[in-house]
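The values are calculated or read from the model by the stated rules, or taken from the named source; none is laboratory data. In this text, all values refer to a predicted model and were calculated from it rather than measured experimentally. Note that we place each Cβ from the backbone using ideal geometry, even for glycine, and neighbour counts take in every protein chain shown. Remember, those area values only see protein heavy atoms, side chains included, never the ligands or the DNA or RNA. Shrake-Rupley method; radii C 1.70, N 1.55, O 1.52, S 1.80 Å.
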Amino acid sequence: MPIDLRVGVSHQLKGLPLFVALNFTRLLDNNDEFFNRFSYFNIGGEFKISNPIRLRFGYNNKVRS
C-alpha cells in the first residue's frame, strides 16, 4: 500500500492582506540524500481583495518536473 507524507506551513502576513503557504510532498520516497526528499514542494498565496473576493496563486514543483 503506497504511503505519502505531506508537511506544510502557512502564515498570515501582518499589515498585508496576504496568506502564504508552503507544502512539502512525497517525503517518504527513497532518496540517496536526505535533502532530496524536499525537492517536491508547493508554494502559494491568497490575497484578500474584499470579503467575498480573493485572488489565489500557486506553484507546484512536481508539475514542472
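Tabulated results
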| item | result |
| --- | --- |
| Relative contact order (percent, whole number), the chain, Cα cutoff 8 Å, 6+ residue spacing | 25 |
| Charge tally in the Cβ shell below 15 Å around Pro17, where Lys, Arg are +1 and Asp, Glu are -1, Pro17 excluded | +3 |
| Extended-chain gain in nm, criterion 0.36 nm per residue less alpha-carbon gap, Asn60 and Ser39 | 6.5 nm |
| Coarse-grained scattering of the chain at q = 0.16, 0.18, 0.28 Å⁻¹, given as base-10 log I(q)/I(0) from a Debye sum over alpha-carbon atoms | -0.64, -0.74, -1.19 |
| Peptide ranges 33-45, 51-63 listed from the most packed, as the mean C-beta count within 10 angstrom indicates | 33-45, 51-63 |
| Carbon and sulfur %, accessible surface of the chain computed with the full protein complex present, 1.4 Å | 60 |
| Förster radius 25 Å - calculated FRET efficiency between Asn23 and Ser50 (Cβ-Cβ, nearest 0.05) | 0.40 |
| Surface per residue (accessible, 1.4 Å probe) for the chain, Å² | 86 |
